[in-house]
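One structure is given here, and the rest of the page talks about it.
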Amino acid sequence: MSRTIRATSLTLRSGVVISFSLLIVGLILHYVQPQPARLLKPSNPVSLVASALRGDSFSVIHFGVLLLMMTPLARVIILTIEFFRTREMSFAIISIGVLLLLVLSAVIGLS
């Protein structure tokens, strides 16, 4: 189980560091190339990444926040896989329930 703890810890730390870096880069881009404030509507992740790669500061910040929100989801997925691998079915079923709730809340939030 220590391998799982290391993988989970690495996932959480990496997600936070990358998200924070994207937020800082987005803020720097915004101050270097000021843009009028606008509301970003949820769109598909591919267009968001493409826009961020073009240097759109709001898209970079949006992507950083999205990545930060997805970090706990990645943690739950890693733990669910590990629970199935170690045949801890009660925890695996609970993890599936948590995953379903996370997906449902994301779908409701995006609609």
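The values are calculated or read from the model by the stated rules, or taken from the named source; none is laboratory data. From a predicted model like this one, the values you see are computed outputs, not experimental measurements. Methodologically, a virtual Cβ is constructed for each residue, glycine included, from the backbone with ideal geometry; neighbour enumeration extends over all protein chains shown. Note: areas computed on protein heavy atoms with side chains; ligands, DNA, RNA excluded. Shrake-Rupley method; radii C 1.70, N 1.55, O 1.52, S 1.80 Å.
Just to be sure I understand, how many residues within region 4-13 are free of Cβ contacts under 8 Å to residues at least 24 places away in the same chain and among the hydroxyl-bearing types (Ser, Thr, Tyr)? Residues in region 4-13 being free of Cβ contacts under 8 Å to residues at least 24 places away in the same chain and among the hydroxyl-bearing types (Ser, Thr, Tyr): 1 in total. The conditions of being buried (at least 16 other Cβ atoms within 10 Å of the Cβ), part of a helix (DSSP H, G or I) and touching a Leu at 6+ places or on another chain (Cβ under 9 Å) are not met by VAL65. With respect to the conditions (1) over 27 Å from TYR31 (Cβ atoms); (2) open to solvent by less than 80 Å² (accessible area, probe 1.4 Å), LEU100 lacks only one, and its number is (2). The set of residues in region 50-62 being modelled with pLDDT of 90 or more and open to solvent by 60 Å² or more (accessible area, probe 1.4 Å) is empty. I need the full set of residues from region 68-87 which are out of contact with any helix residue (DSSP H, G or I) (no Cβ under 8 Å at 6 or more places or on another chain) and of a type outside the set (A, V, I, L, M), in order please. Those that are out of contact with any helix residue (DSSP H, G or I) (no Cβ under 8 Å at 6 or more places or on another chain) and of a type outside the set (A, V, I, L, M): ARG85, THR86, ARG87.
Being in contact with a Ser or Thr (Cβ under 6 Å, 6 or more places away or on another chain), part of a helix (DSSP H, G or I), modelled with pLDDT of 85 or more and open to solvent by 80 Å² or more (accessible area, probe 1.4 Å) is a property that ARG6 lacks.
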